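Down below is the structure, laid out as structure tokens.
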Amino acid sequence: MRHYYNGKSILAKPPRPYDTTPTEQQEVVRSSFTLAVNYARRCRVDEEMLALYGPTVKVGRSIYRQAMNDYLNPPEIVHIDVREYNGCKGQVITVLATDDFRVKNVQLKIYSADGGLIEEGNCSPDKQNKVWEYSVSVDVPSVSGLIITATAFDYPGNSGQGTTVI
């Protein structure tokens, strides 16, 4: 079997047919891979997505491959910094969020110690979309036991969540 990649021909053995039924985990992986392929195909024809992914493609790679990787790898919340937060309105909570391509949005929620929602909202990004800041809009008399949850979203719609307790 002959494949072509970047103008080079690559010889390989043809794939053998599967003679066993796939496990449940294999079905999940195949399903997510199929969804990633569909997302990457849409990105190749969507002008907005071409403009988004195009400038970041490395030499020897394609927009299709970049979009597939983005779909298969959700963003992560690396750190929620609450050192400068003591419950006063206007103070800033900082969130470090990463993704293999780019984080689109970060949402932050503040819960009381008993689990009641105090406030929620979107964070504002820095120029590289790595550090996100949330300006608190509600005074809280005691920060002890507060639960801060941040959720990062990427362009395919994947999400990653992080939580810290004060």
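FYI, it's all coordinate maths here, none of it is from the lab. Everything numeric here is computed off the predicted structure, so don't read it as measured data. All Cβ positions, glycine included, derive from the backbone under ideal geometry; neighbour counts span all protein chains shown.
According to the square roots a ≥ b ≥ c of the eigenvalues of the Cα gyration tensor, what is the shape class of the stretch 31-72, taking rounded for a/c under 1.5, prolate for a/b larger than b/c otherwise, and oblate for the remainder? Because a/c hits 1.5 or more and a/b fails to exceed b/c, the stretch 31-72 counts as oblate. So how tilted is helix 63-72 from the main axis of the chain? Cα-based, degrees 0 to 90, rounded to 10. Taking Cα atoms only, the helix is inclined about 50 degrees. Using every Cα-Cα pair within the chain, state what percent have a distance larger than 30 Å. So the portion of pairs separated by more than 30 Å is 38 percent.
Test of understanding: in a Gaussian network model of the chain with alpha carbons linked when under 10 Å, which of Leu11, Leu50, Leu108 would top the mean-square fluctuation ranking? Most flexible of the set in this elastic network: Leu11. For a straight C-alpha distance cut-off of 25 angstrom, the lysines reachable from Lys104 (same-chain residues fewer than eight places away being disregarded) are Lys58, Lys127, Lys130.
With a Förster radius of 25 Å applied to the beta-carbon distance between Thr56 and Lys8, the computed FRET efficiency rounds to 0.60.
What do you get for the angle between helix 24-45 and the principal long axis of the chain? Use alpha-carbon atoms, 0 to 90 degrees, nearest ten. For helix 24-45, the angle is close to 90 degrees.
Shown for Ile148, Ile118: other C-beta atoms within 10 Å of each C-beta, ranked fewest to most, produce the order Ile118, Ile148. Stretching Val143 away from Ser159 to a fully extended chain increases their span by 3.1 nm, per 0.36 nm per residue minus the current alpha-carbon distance.
If you take the square roots of the eigenvalues of the alpha-carbon gyration tensor of the stretch 94-135 and sort them as a ≥ b ≥ c, do you get rounded (a/c under 1.5), prolate (a/b over b/c) or oblate? Prolate is the answer for the stretch 94-135, as a/c is 1.5 or above and a/b outweighs b/c.
As a check on your grasp of the helix formula, calculate [θ] at 222 nm for the chain: sum -39500 (n - 2.57) over DSSP H runs of n ≥ 4, divide by the residue count, round to the nearest 500. Each step should come with its number before you reach the end.
On the way: 3 runs with 39 residues, N = 166.
Helix contribution divided over all residues of the chain: -7500 deg cm²/dmol.
Give me D for the stretch 76-165 in µm² s⁻¹, whole number, from Stokes-Einstein with Rh from the Kirkwood sum over alpha-carbon pairs, 37 °C and 0.692 mPa s. It comes out at roughly 251 µm²/s.
Using a Gaussian network for the chain with springs between C-alpha atoms less than 10 Å apart, which of these wobbles most: Gln91, Gln128, Gln107? Result: Gln128 has the largest fluctuation of those listed. Sorting Val59, Val37 by the number of Cβ atoms found within 10 Å of their own Cβ, with the fewest placed first, yields Val59, Val37. When the Cα positions of Gly145, Ala51, Tyr85 are compared along the charge dipole of the chain, Ala51 comes out farthest toward the positive end, with charges on each C-beta of Lys, Arg, Asp and Glu.
The GNM of the chain, with springs linking C-alpha atoms under 10 angstrom apart, assigns the highest mean-square fluctuation among Asp126, Asp100, Asp70 to Asp126.
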